[in-house]
Amino acid sequence: MSTTPAPARRAGPEDERPHPLPGSGGRPAGADHPGAADSTDHTDSTGTPPSGHRTRVARATALTIGLLAALVATALAAASIGAYQIPFADVIASVSHRLGAGGRELDRVAESVLWNVRLPRVVLALLVGASLGCAGALMQGVFGNPLAEPGVIGVSAGAAVGAVAAIAFGLTVFGNWTVAVCAFLTGLATVLLVYALSRSGGRTEVVTLILTGVAVNAFAGALIGLSIFFADNAQLTEITFWQLGSLAQATWPKVLAVLPAAVIGLVAAPWYARKLDLLALGEKPARHLGVDVERLRISLVLVVALLTAAAVAVAGIITFVGLLVPHLLRMIAGPGHRFLVPGSALAGALVLLAADLAARTIAAPAELPLGVLTALIGSPFFFWLLRRTRRRQGGWA
Amino acid sequence: MTIDQVITRLLGNRAVSPPKPHAPGAVLAEAREVSLRLGERPVLDGVSLAVRTGEVLALVGPNGAGKSTLLAALSADLTVDSGEVLIDGRPAAGWSTRDLALRRSVLPQAATLSFPFLVDEVVRMGRAPWAGTAAEDEDETAVAEAMAATEVTRFAARSFSALSGGEKARVALSRVLAQRTSLLLLDEPTAALDLRHQELVLTICRERAAAGDAVVVVVHDLGLAAAYADRVAVLAGGRIAGDGPPAETLTPELLSDVYHHPVEVLAHPDTGVLLILPVRQAR
């Protein structure tokens, strides 16, 4: 092992790039040679390099703090606002009372609304949003493609097939967990299918990925349709709810049902961050840097299926959160997965909490389906993203 | 298996064995009678080649001669059909991915990146294999020195995607240097570079060899190979047509034969360095 790599070359006169003389009037060298664009020249062999990385880390830190603050504020608002208003102070008092940290109990109605209706819904929104955001970031990393997202490529629909079938055929094999387990199994099968179909020669082409998504979504839609055909009226209502995506039936048992899958997925995900960074170099370079690419991919596919299934099992199909959230974060704090993966979980939780709050207050006393709302906002963003990608690549490469 | 065990297994980080120092001239990688087919086409046919510390070995030869395939076999990217590849004294398949990453670094022909990482972030990726080892302390200096050596320090804060082809190639080389392995396998590191940076890259190769590393470099420019390599292996049709010091292997007869084009070899009047030119008609 050598510890003496090439020392920096002495910069002799012949080592310098040709420079336009000051005041010589000509075009700056940067105009035709991007390498000469910045004028802070000659730092090559001396001093500390200008680190954009540190800027990104600083931004990521600020963003994390901001997200956490916004999350607490939105959670408070979501617990307080609704048909039955509970003042912020009362929410805080009741929560700290139950945590044994002072506070006080509210009257019976307020206490019941807060603890049986609002809070399970808030917690569920946090879990589902975090799962979707995190799954989106992981999936984009695995595919090396910013357009990969559980909803877009059909994994959500695949997971929904299992869930809907479980409802329609009245399955209870796994008790309270039946729907979640079925969603996980079909979700996993779908991720594997999409992965196998859309990769060729170690790459995922945008067109192939999107078209695979179209096909998988269509097939899943047909299977869901088939389940609906066999369902009775009560099951039909439940299934419709699913397809639109909603948190309206949040209860503590539902929270418990998704908790393990979501928590395992969310805890495991950040561990893969550094390897995902390396994967951006391509499969072979990642392997040259010590990443067992096959194992990484299989592990991540499992984690994505776990997170997506957790979300879909309780909330139905909610698209675009996993697409939009990692993308925005990447624009602000760069593509490094050490921030992106946990950051997307935080931002996903925030987005879904805010969207759910909007869904149940905008048209009160009626309630908009959450999945409809996220799709309404998310689809135009997706269009924009597609067009931008197309412009950059100069075609559908 | 409990969920805990499954997770531990999935996340599992097996112990690594950092490489030991090598004596000068030690064989770091070796192909023994290696044959390899890609699809139906035989690409390597009974190739034997040893890569030693302290030496720059240039792989030259016409397009499709098997240079990149041989490099891929030496870097344990491809499994050979017959014969054997040894890396640091052990069959290539006997190493874990991580252990290999501590022993050899590879520069691919084309540098790609799926997401807009910054240049210093890309170079820092070269340090990944050393995470958790004692050498982790060298991270900062390794990155800074690698960037200085390849003259990319001043675009450290720029996005890799915004660089020109030649700049990307130098950043990719910088990442490989930052990995600080004693075996460097470079596939056409000079392809996208201007004249000055071609010389720079091969000077770096020389310096690494002088520091006791083994460097294998695929080049098309025979003049560069003649000027900088300690040894040149000429490949043609998946076989080694010549292997030895530049003056012995880069002969007009051999080169004219393998390139199917008349080639002349001259000595520079002042330095005596070999100049290798295709024979051209006067106009």
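The values are calculated or read from the model by the stated rules, or taken from the named source; none is laboratory data. Quick caveat, the model's predicted, so the values are computed rather than measured. As a convention, Cβ positions derive from the backbone with ideal geometry for all residues, glycine included, and neighbour counts pool all protein chains shown. Heads up: the accessible areas ignore ligands, DNA and RNA and are worked out on the full protein's heavy atoms, side chains in. Shrake-Rupley method; radii C 1.70, N 1.55, O 1.52, S 1.80 Å.
Assorted remarks:
- Sum of side-chain charges, B:ALA23 neighbourhood, beta-carbon under 15 Å (Lys, Arg +1; Asp, Glu -1): -1
- Using θ = phi - 60° and Karplus 6.51 cos²θ - 1.76 cosθ + 1.60, couplings along the range B:49-59 (whole Hz; Gly, Pro as x): 7, 10, 10, 10, 5, x, 9, 9, 10, 9, 9
- Amide proton proximity set for B:VAL273, modelled H, under 5 Å, gap of 5+: B:HIS268
- Listed residues A:ARG388, B:ARG180 arranged by accessible area, highest first, probe 1.4 Å: A:ARG388, B:ARG180
- Residues whose placed amide H lies under 5 Å from that of A:VAL152, excluding near-sequence neighbours: A:PHE320
- Largest-first ordering by accessible area, 1.4 Å probe, given options B:ARG103, A:ARG98, B:ARG52: A:ARG98, B:ARG52, B:ARG103
- Surrounding net charge for B:LEU235, when Lys and Arg each add one and Asp and Glu each subtract one, Cβ distance under 14 Å: -2
- Between A:LEU211 and A:ARG387, the modelled label-to-label distance comes to 2.4 nm, taking each label 7 Å out from Cα in the direction of the beta carbon.
- Two-site FRET efficiency, A:TRP115 against A:ARG54, from Cβ-Cβ distance with R₀ of 45 Å, rounded to 0.05: 0.50
- Counts of other chain beta carbons within 10 angstrom of each beta carbon in peptide B:104-113 average 3.
- Inter-chain Cβ neighbour average for residues B:120-133, partner chain, 10 Å: 4
- Eigenvalues of the alpha-carbon gyration tensor of the protein assembly as shown, scaled by 5 and square-rooted, set the equivalent ellipsoid semi-axes at 56, 28, 23 angstrom, largest first.
- With a 1.4 Å probe rolled over the protein heavy atoms of all chains, the accessible area of B:LYS20, A:LYS284, B:LYS67 falls in the order B:LYS20, A:LYS284, B:LYS67, largest first.
- Available extension along the chain between B:VAL279 and B:GLN109 is 58.4 nm, counting 0.36 nm per residue and deducting the alpha carbon span.
- Shielding of A:275-283 by partner chains, average beta-carbon count, 10 Å: 5
- Measuring only protein heavy atoms, the 1.4 Å probe finds A:MET331 accessible over about 100 Å².
- Amide H to amide H, with H built 1.01 Å from N, B:GLU55 comes under 5 Å of B:VAL215, counting only residues 5 or more places away or on other chains.
- Spatially, the range A:131-195 and the range B:209-258 are offset by 54 Å when compared through their Cα centroids.
- Taking every protein chain into account, the 1.4 Å probe leaves A:VAL216 with about 10 Å² of accessible area, to the nearest ten.
- Average projection, convex hull of the Cα set of the range A:237-341: 7.7 square nanometres.
- In the assembled protein chains, A:LEU368 presents an accessible area of approximately 60 Å² (probe radius 1.4 Å).
- Applied to the range A:229-243, the Karplus parametrisation 6.51 cos²θ - 1.76 cosθ + 1.60 on θ = phi - 60° returns per-residue 3J(HN,Hα) values of 4, 8, 7, 8, 4, 5, 5, 4, 4, 4, 5, 4, 3, 3, 5 Hz, with x for Gly and Pro.
- With N as its number of residues, the range A:129-393 has a Cα radius of gyration that, divided by 2.2 N^0.38 Å, comes to 0.96.
- Full extension of the chain segment joining A:THR240 with A:ALA101 gains 45.9 nm, where the gain is 0.36 nm per residue of separation less the Cα-Cα distance.
- For chain B, a Gaussian network of Cα nodes joined below 10 Å ranks B:ALA134, B:ALA157, B:ALA65 by mean-square fluctuation, and the top entry is B:ALA134.
- Computed over neighbours whose Cβ is under 15 Å from that of A:ILE167, the net charge equals -1, Lys and Arg +1, Asp and Glu -1.
- Percent of Cα pairs exceeding the 28 Å cut-off, where the set is the range A:79-236: 44
- Normalised radius of gyration (Cα atoms, divided by 2.2 N^0.38 Å) for chain B: 1.06.
- Residue-averaged 222 nm ellipticity for the protein assembly as shown, from DSSP H runs of 4+ at -39500 (n - 2.57), nearest 500: -16500 deg cm²/dmol
- Rounded to the nearest Hz, the phi-derived 3J(HN,Hα) couplings of the range B:169-183 under the Karplus curve 6.51 cos²θ - 1.76 cosθ + 1.60 (θ = phi - 60°) are 4, 5, 5, 4, 5, 4, 4, 5, 5, 5, 5, 6, 9, 7, 10, where x marks glycine and proline.
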